[in-house]
1. Within 10 Å, count the other beta carbons around each residue, average over each peptide in A:209-215, A:167-173, and list them highest first.
2. I'd like to check one number: the per residue accessible area of the stretch B:167-309, probe 1.4 Å, reported in Å² as a whole number.
3. Only Lys, Arg, Asp and Glu count, each charged at its Cβ (+1, +1, -1, -1), so figure out the dipole size of the protein assembly as shown about its Cα centre, rounded to 20 debye.
4. Taking B:Lys181 in one copy and the same position in all the others, each labelled 7 Å out along Cα→Cβ, what are the pairwise distances from the first, in nm, shortest first?
5. Shielding of A:298-304 by partners, i.e. mean partner chain Cβ atoms within 10 Å per residue?
6. Counting Lys and Arg as +1 and Asp and Glu as -1, each charge on the Cβ, what is the dipole of chain A about the Cα centre in debye, to the nearest 20?
7. Calculate the spin-label point distance for A:Ala229 paired with B:Glu134, positioning each point 7 Å from the Cα along the beta-carbon direction, and give it in nanometres.
8. If I model the stretch B:97-210 as equal point scatterers sitting on the Cα atoms and use the Debye formula, what is log10 I(q)/I(0) at q = 0.18 Å⁻¹?
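The values are calculated or read from the model by the stated rules, or taken from the named source; none is laboratory data. These figures come from a predicted structure and were not determined experimentally. Neighbour counts run over all protein chains shown; Cβ positions are idealised from the backbone, glycine included. Please note that ligands, DNA and RNA were not included when accessible areas were found on the heavy atoms of the full protein model with its side chains. Shrake-Rupley method; radii C 1.70, N 1.55, O 1.52, S 1.80 Å.
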2 protein chains.
Amino acid sequence: MQRTPAPTIADVAERAGVSPATASRALSNYGRVSKDTVEKVRSAAAEIGYRPNELARAMRVGSTRTIGLVIIADFTNAFFDRATKAIVDAARAHDYQVLITNTDEDIDVEQQAVLTLLDKQVDGLIIVPSLAKEHPHLGTTQLGGRPVVLIDRRIDELPLTSVTTDDASGTRAAVLDATAKGHRKLGFLISAVGVPEFTTIAPTEMISTVRDRSNGFRRGATDSNIPIADQLWVYCADEPSSSEAAVASMLDSDMPPSVIFTSNNDMALAVLQVAGQRGLAIGRDLSLVTVDDSVWAAAMVPGISVIARPVEELGSIAVARLVERIESPGQDVERLVLPTQYISRSSVATI
Amino acid sequence: MQRTPAPTIADVAERAGVSPATASRALSNYGRVSKDTVEKVRSAAAEIGYRPNELARAMRVGSTRTIGLVIIADFTNAFFDRATKAIVDAARAHDYQVLITNTDEDIDVEQQAVLTLLDKQVDGLIIVPSLAKEHPHLGTTQLGGRPVVLIDRRIDELPLTSVTTDDASGTRAAVLDATAKGHRKLGFLISAVGVPEFTTIAPTEMISTVRDRSNGFRRGATDSNIPIADQLWVYCADEPSSSEAAVASMLDSDMPPSVIFTSNNDMALAVLQVAGQRGLAIGRDLSLVTVDDSVWAAAMVPGISVIARPVEELGSIAVARLVERIESPGQDVERLVLPTQYISRSSVATI
DNA sequence: AGGTTTTGCGAGAACGTTCTCGCACAGAAT
DNA sequence: ATTCTGTGCGAGAACGTTCTCGCAAAACCT
């Protein structure tokens, strides 16, 4: 437990009988060193268990080989874990480490997190941006010229590289599947931050994923000739109590939908919950489609039909793009959109 | 996009008309500075948007205020995401950041990860250790005197502080519940690394959680007077193909169990999968209990009975203990064990 | 032999902080 | 008027690297 000071390159140099400069050259093989001294230094380093202090190196070379991740921890959506793992693994493959921060959809903590990460001199950032009108911390000057890649959600107003998914197409495909199976009364339960409880009137601002899913839903419905009157759009706060109340009110409305599409898994869980309470069997009495595949959605009986997004690819591509921009700055902003896939299981009944 | 060099404390000092030393004192308020100069320096710093370089500060003061997290990313167990979020949040509350690394149960990448984190001068480590006979990288000397807290799993041979859960009691409670409901043929599907496919003979080494769950199961069974002959213990590789084959073989055996306890959620998913294929309804034709609560286990119909572990507390307590040891070294090793809770839902039938 | 290039290495600066030390000057005590 | 205590501040070292520069010796050329 004695905190004996870690050996420095000076210790290695002394033991090898050379100068620190030469020791550094020998270990990081650059410059000119003789074979002999390289050998001497290497073994000296090994003998005393020398490991270079990455802090000091970072200080000197101006790069920490660390990327900052600002993500929202959202357990139900199976996004946080899959994306985080993909990002951490991809980063390691590029020889980068990941400093992680969590924001609970709060723009202020997001802003604080970005500052803290920048203070720690991360080389770049991957961010899942929170909903907000203003993103003062994401201006290029605020970032000290360090590259940023947005994932999951775009911010159309800002010239930032992003990697997102084509949720509109996936959602449209899901709607088409349901209408092909005979559903004519469609429910759409949309997670929306900022609304109290739930409402049928659209909030003025929504994150890009929700907008995309809404557009896809709309396209699917019009392509299937479902009139507006047979669509029930409900915007709902991301609270179990609110979402369950919202589902109940949908089922009790004048136009109870035979299928409910949910814009995220919190909402899907609410549907499951309420259906369970009422003895409604999913895939028979009530149909359900949600976003993001998961082991649970696949293993449940019935299996839940989902709009699957390539979350792992999203993470690894984000890292690749970020590293690209870290190592050769001045690239154009890119807005990548990855394809989604509708996976039909048995939660949508044929009627 | 111009990479204008970030302002340093020298810039602040110049603008305020003082020396860097005074500027530093004014900003970090220590030493002796007059009210006036504090004010001058503060506003100078604000005007040019000065933010201290944490790297340089860390270099000087010898502390990065960063903790390293080495965790296994295991999506199905809903442990990775909950624990990670709890740790990140707790760390931030203590004004620490988290460098995260993932090991896929591989001792070599774990060792490498620990080294990398130490090179980055983390102040301490939180580790979910992989199964192995030897843990050469976890000796106190290898860690350079930096504190470590193990979570989820203990390593009894090493004098390391750990925060784990009392899985034995939870498992015993689960068994007692099942036998009280009339089950007399018990299946136990145990995830074991290193076994090929599946087998009924116990591997020589198991991670502490699996050992604890096994002990709890054994105690529950003997307390309920279930003879060994009516227990079917199967050790299984953590691969969907293996676990599904294992479940199938259990159901087809001479002594098909009426209830299957699974030692982790990968195994539980296999049970769900095979039961679904065979048209066996969980909670009626086949009963199931698994470990770790999740939104899905609660929302499914029927709800899955689980041995719930306080994962968030586990994470935040681990951080608290670690920070304690970082800030005042030389504390005794502590092996905390948090209580588990058996949550009875409807996946266990009464027969 | 003489000059020129190449090779190996050390001295020392630099990265941006913090912090010890000492100096000058103020006001208070003798 | 002289000594003392205290206050505010600057000079400079230190943290552990990397990297530029210059210098000596060795190698190469005529």
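1. Values: A:209-215: 20.6, A:167-173: 23.1.
The most tightly packed comes first, giving A:167-173, A:209-215.
2. Numbers: 5110 Å² over 143 residues.
Roughly 36 Å² per residue, with all protein chains present.
3. Values: 68 positive and 88 negative charges, 234 e Å.
Using Cβ point charges on Lys, Arg, Asp and Glu, the protein assembly as shown gives about 1120 debye.
4. 2.9
5. Details: counts 4, 14, 9, 11, 2, 3, 1.
Mean number of neighbouring Cβ atoms from other chains: 6.
6. Values: 34 positive and 44 negative charges, 242 e Å.
Dipole about the Cα centre, nearest 20: 1160 debye.
7. Between B:Glu134 and A:Ala229, the label points sit 7.8 nm apart.
8. Values returned for q = 0.18 Å⁻¹ are -0.99.
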